[in-house]
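The values are calculated or read from the model by the stated rules, or taken from the named source; none is laboratory data. All of these numbers come straight from a predicted model, not from anything done at the bench. Methodologically, a virtual Cβ is constructed for each residue, glycine included, from the backbone with ideal geometry; neighbour enumeration extends over all protein chains shown.
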Amino acid sequence: MIPNSLVLVGFISGLLGSIFGIGGGIIIVSILISVYAIEPRFAVGSSIFVIVISSAIGVIYNLTKKRIDLPIAYKILISTIPGSLVGSFIIGFIPAKTFNYIVSFLLISFSIFVYKRFNPGPQKLNIKFGLLSVILFFVGIMSSTTGIGGGIIYTPLLLNVLSLPLITSISTSQFILAVTTTTALSTHIFNENIQPEITLPIAIGAMFGSFLGVKILHKIPKQFINWGLIIILIGFAGYLLISAN
């Protein structure tokens, strides 16, 4: 393991996570499993820890800029927090190869969803609150089990289902990520899913990347954000599928 390279992994994940509102977990988990051959539960534990750190930095900055829709965030958290707790308990029972396939399938599915809803423009979806709560519960399970944080769902959901502006959607998604991952983190620590020699270098890089990301977010064209998110999702899905075979 080369700590310097892990710092770079953290920086990239923090930067892209802040720009796209996805937490950076898909980058961390994908690289740790496919490049460093880290066991999934340790990759997920490290990802959850780093998301807590990087999201917190983004949340503090976005709160000062009043970019976060707190009432909507609180409603979403009611459903996602229980799911994240359930997910953090079952991660140790999923085989590595199966884990890769699950995450790849989710990433490809979300890239299709993002493409259809972000291009040419956001369209509001009509989903009843009861169904939305059930969906969010399973999003919480998925985010804690796979370590990708759930931001790849929260951002499109806030934009298309709840019709929030793009920057507000990204910032609110990051706030939700910070809370749900903090909730799941205690369970991952209890289950010894976090290895300091892996997690700390990534966390250091993520702090700097996240700070830079929130500073430049408002300067980036919306279409770049949309297409960038799609490319990230498909790219890491393909990488995980290749490494699983």
Residue hits (the stretch 207-225; charged (D, E, K, R) and either surrounded by 11 or more Cβ atoms within 10 Å (Cβ to Cβ) or touching a residue at least 12 places away in the same chain (Cβ under 8 Å) (or both)) are Lys215, Lys222
Would you check if there is a residue in the stretch 51-66 being basic (Lys, Arg) and not in a helix (DSSP H, G or I)? yes
If you go through the stretch 87-105 one residue at a time, how many are assigned to a helix (DSSP H, G or I) and over 17 Å from Ser47 (Cα atoms)? 5
For a quick check of your reading of the model, give me the residue pairs whose first member lies in the stretch 79-100 and is in contact (Cβ under 8 Å) with a residue 40 or more places away in the chain and under 23 Å from Gly235 (Cα atoms), whose second is surrounded by 15 or more Cβ atoms within 10 Å (Cβ to Cβ) and among the charged types (D, E, K, R), with beta-carbon atoms closer than 8 Å and at least 6 apart or on different chains. Ala96/Glu39
Residues of the stretch 199-237 being at pLDDT below 90 and β-branched (Val, Ile, Thr), which ones? Val214, Ile216, Ile220, Ile225, Ile230, Ile231, Ile232, Ile234
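Residues checked against (1) in contact with a Cys (Cβ under 7 Å, 6 or more places away or on another chain); (2) outside any helix (DSSP H, G or I); (3) farther than 26 Å from His218 by Cα; (4) of a type in the set (A, V, I, L, M):
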{"site": "Val9", "(1), (2), (3), (4)": "no, no, no, yes"}
{"site": "Leu15", "(1), (2), (3), (4)": "no, no, no, yes"}
{"site": "Ala37", "(1), (2), (3), (4)": "no, yes, yes, yes"}
{"site": "Phe42", "(1), (2), (3), (4)": "no, no, yes, no"}
{"site": "Phe49", "(1), (2), (3), (4)": "no, no, yes, no"}
{"site": "Ala73", "(1), (2), (3), (4)": "no, no, no, yes"}
{"site": "Leu77", "(1), (2), (3), (4)": "no, no, no, yes"}
{"site": "Leu85", "(1), (2), (3), (4)": "no, no, yes, yes"}
Checking Ser144 against (1) out of contact with any helix residue (DSSP H, G or I) (no Cβ under 7 Å at 6 or more places or on another chain); (2) over 20 Å from Asn62 (Cα atoms); (3) small (Gly, Ala, Ser), only one condition comes out false. Which one? (1)
Among the residues of the stretch 190-206, the number that are surrounded by fewer than 17 Cβ atoms within 10 Å (Cβ to Cβ), touching a residue at least 12 places away in the same chain (Cβ under 8 Å), in a helix (DSSP H, G or I) and not acidic (Asp, Glu) is 0
Answer from Ser133, Ser186, Ser169 - the residue that is free of Cβ contacts under 8 Å to residues at least 40 places away in the same chain and either among the small types (Gly, Ala, Ser) or surrounded by 17 or more Cβ atoms within 10 Å (Cβ to Cβ) (or both): Ser186
Name, by its number, the condition in (1) touching a Phe, Trp or Tyr at 6+ places or on another chain (Cβ under 8 Å); (2) in a helix (DSSP H, G or I); (3) over 24 Å from Ala73 (Cβ atoms) that does not hold for Tyr239. (1)
